[in-house]
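Structure record follows, encoded as structure tokens.
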Amino acid sequence: MVFAKPPVILSSYSVVGPKEGQGPLGKTFDKVWKDDLNGEKSWEVAESKMLQEAMNGAINQASVPKEQIDFMLAGDLLNQIISSNFAARQMALPFIGLYGACSTMALGIAVGSMLIDGGFAQKVLVGVSSHHDTAERQYRLPTEQGAQRAMSAQWTVTGAGSVLLGSDGAGPRVTSATIGRVIDFAVKDVNNMGAAMAPAVADTILNHFHDRQLRPVDYNLIASGDLGAVGLALACELLKQSGMDMGTNFTDCGVMIYDESQDTHSGASGCGCSSVVLAGDILQRIKAGELKRVMLVGSGALHSPTSALQGESIPGIGHAVVIEG
Amino acid sequence: MADQTLKKPLLSVTAEKYQTLIKQYTPKPTIIKNVVRAFIVGGIICSIGQIFINLFSSFGLARVEASTAATATMIFLGALLTGLGVYDEIGKFGGAGSIVPVTGFANSIVAPAMEFKREGYVMGVGAKLFTVAGPVLVYGIATSIVVGFVYFLLH
């Protein structure tokens, strides 16, 4: 999809937990919580509050009256996307709930841009969240359980990111998007989600360059959402074997957000991961003129704990959005 | 819009071939390091248990009673350290060394109890208490029944 009237990213806002705040990108986030619960009674409530904070932050930064926002698009990892639903209850905006697992930020920006470019909206608010502890208890083990994590395992980011898209104004623009196909290369290991998602990301990247007749060097930065170190290496290898050399501008938000000393093994994952890296680091570098054309490929693992226990493999998906300064 | 007459690009790697790529790129578990750490941590936990057995024996308890009291003490310590948020750190370092002893069992009960308290005492703590330890109990008890039955037949 190429947008005829590319929507503008009017503002962005990111809220993260303490671990993300200590990471290499700590200074790029708008707000860092001192602890994961932030005074709420449960992690689920905290995650929903975090999403609200990010969305309200984006609205305030753009100084746009809330009544002017036509749609709110949001998603998260919890069952029935409750963090987004409860945040939407407070936001009181026309709400479209999205689920693309960890790819939801890219999906939301793509759908929001379609709404604006199609003439159905002037302003669309997009936000996603994830929380380490809510994801852990839903997908894996109780958090106080003493167990070792696999070397390929990733750490779910506690964070929420939001962007406000508008039909006109000043700021970086969303120029094109590629909606991904679900690709399943029969990976069953839920501790190696990067490997499960890498083929879908590679497929979307191939399709994007084919559709747009461009090459990786035409972009200053190509960032996948949360493949982690293992998934990123696999995606590079898949693309290389398919005849596409990604060069040096290909990286992964899940690799950027933590450093080695934080002991996260393969890197980060979760909706929050790509959303806070985009809302923080990437958009700031675009605004500073350091990056001209960036592609974000949100990566999602579309499984559930039930499907994994029943022996189903993990379907992956990748959605690409291109943002130009 | 893309030119629909063009052939769609395809990943030139099959799912089968991908499995070998995964093996190649996924870091191996650090088995030797884990085994050594498990040996040390497990050894320390068991040594502490032995200290308690000796201590209780010196108070005049019989051998069997002393080891029962020591087991109860170790369960208490495992639960306490879980509650203080320390046991998961020990588990991360020690692996099987801190899972196999009775303290690990205490951890596997207390951790879900803490985790699911927010869903209430019946459907939360009550229903989820044995999410980790449940399989161990089910197959442990089932095995002991079978072994007990065989023992009964042989004697």
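The values are calculated or read from the model by the stated rules, or taken from the named source; none is laboratory data. Quick caveat, the model's predicted, so the values are computed rather than measured. So basically every Cβ, Gly included, is an ideal-geometry build from the backbone, and we count neighbours across all protein chains shown. With ligands, DNA and RNA removed, areas are computed over all heavy atoms of the protein, side chains included. Shrake-Rupley method; radii C 1.70, N 1.55, O 1.52, S 1.80 Å.
Looking at B:GLY78, B:GLY85, just one residue is within 14 Å of chain A (Cβ to nearest Cβ) and on the phi > 0 side of the Ramachandran plot, and that residue is B:GLY85.
Checked against (1) more than 30 Å from A:LEU37 (Cα to Cα); (2) open to solvent by less than 60 Å² (accessible area, probe 1.4 Å); (3) out of contact with any Gly (no Cβ under 9 Å at 6 or more places or on another chain); (4) not polar (S, T, N, Q), B:VAL41 passes all but condition (3).
Is it the case that some residue within the stretch B:85-92 is within 18 Å of the chain's Cα centre (by Cα), farther than 30 Å from A:PHE209 by Cβ, in contact (Cβ under 8 Å) with a residue 60 or more places away in the chain and open to solvent by 30 Å² or more (accessible area, probe 1.4 Å)? No, the stretch B:85-92 contains no residue that is within 18 Å of the chain's Cα centre (by Cα), farther than 30 Å from A:PHE209 by Cβ, in contact (Cβ under 8 Å) with a residue 60 or more places away in the chain and open to solvent by 30 Å² or more (accessible area, probe 1.4 Å). May I ask you to verify whether A:ALA160 is closer than 20 Å to A:ALA74 by Cα and assigned to a loop (DSSP other than H, G, I, E, B)? No; evaluated as a whole, the condition is false for this residue. For the stretch A:188-209, filtering for residues that are open to solvent by 10 Å² or more (accessible area, probe 1.4 Å) and either over 20 Å from A:THR251 (Cα atoms) or more than 8 Å from chain B (Cβ to nearest Cβ) (or both) leaves 5. Is it fair to say B:GLY91 is in a helix (DSSP H, G or I) and facing another protein chain (nearest Cβ under 7 Å)? So B:GLY91 passes the test.
Could you please let me know if B:ALA79 is under 29 Å from B:ILE32 (Cα atoms) and over 12 Å from the mean Cα position of the chain (by Cα)? Spelling it out, B:ALA79 is indeed under 29 Å from B:ILE32 (Cα atoms) and over 12 Å from the mean Cα position of the chain (by Cα). Being more than 8 Å from chain B (Cβ to nearest Cβ), touching a helix residue (DSSP H, G or I) at 6+ places or on another chain (Cβ under 8 Å) and open to solvent by 30 Å² or more (accessible area, probe 1.4 Å) is the filter here; which residues of the stretch A:141-168 pass it? Within the stretch A:141-168, A:TRP155, A:SER167 qualify. Here the helices (runs of 4 or more DSSP H) wholly within the stretch B:5-83 that include at least 3 residues being in contact with a helix residue (DSSP H, G or I) (Cβ under 9 Å, 6 or more places away or on another chain) and touching a residue at least 12 places away in the same chain (Cβ under 8 Å) are B:31-58, B:63-83. In the condition set (1) open to solvent by 30 Å² or more (accessible area, probe 1.4 Å); (2) among the hydrophobic types (A, V, I, L, M, F, W, C); (3) over 28 Å from B:GLN19 (Cα atoms); (4) free of Cβ contacts under 8 Å to residues at least 24 places away in the same chain, A:ILE96 is compliant with all but (4). Taking the stretch A:1-37 as the range and being under 30 Å from A:ASP168 (Cβ atoms) and within 14 Å of chain B (Cβ to nearest Cβ) as the test, the residues that pass are A:MET1, A:VAL2, A:PHE3, A:ALA4.
Only residues that are within 7 Å of another protein chain (Cβ to nearest Cβ) and either part of a helix (DSSP H, G or I) or open to solvent by less than 20 Å² (accessible area, probe 1.4 Å) (or both) were counted across the stretch B:111-132, and they come to 5.
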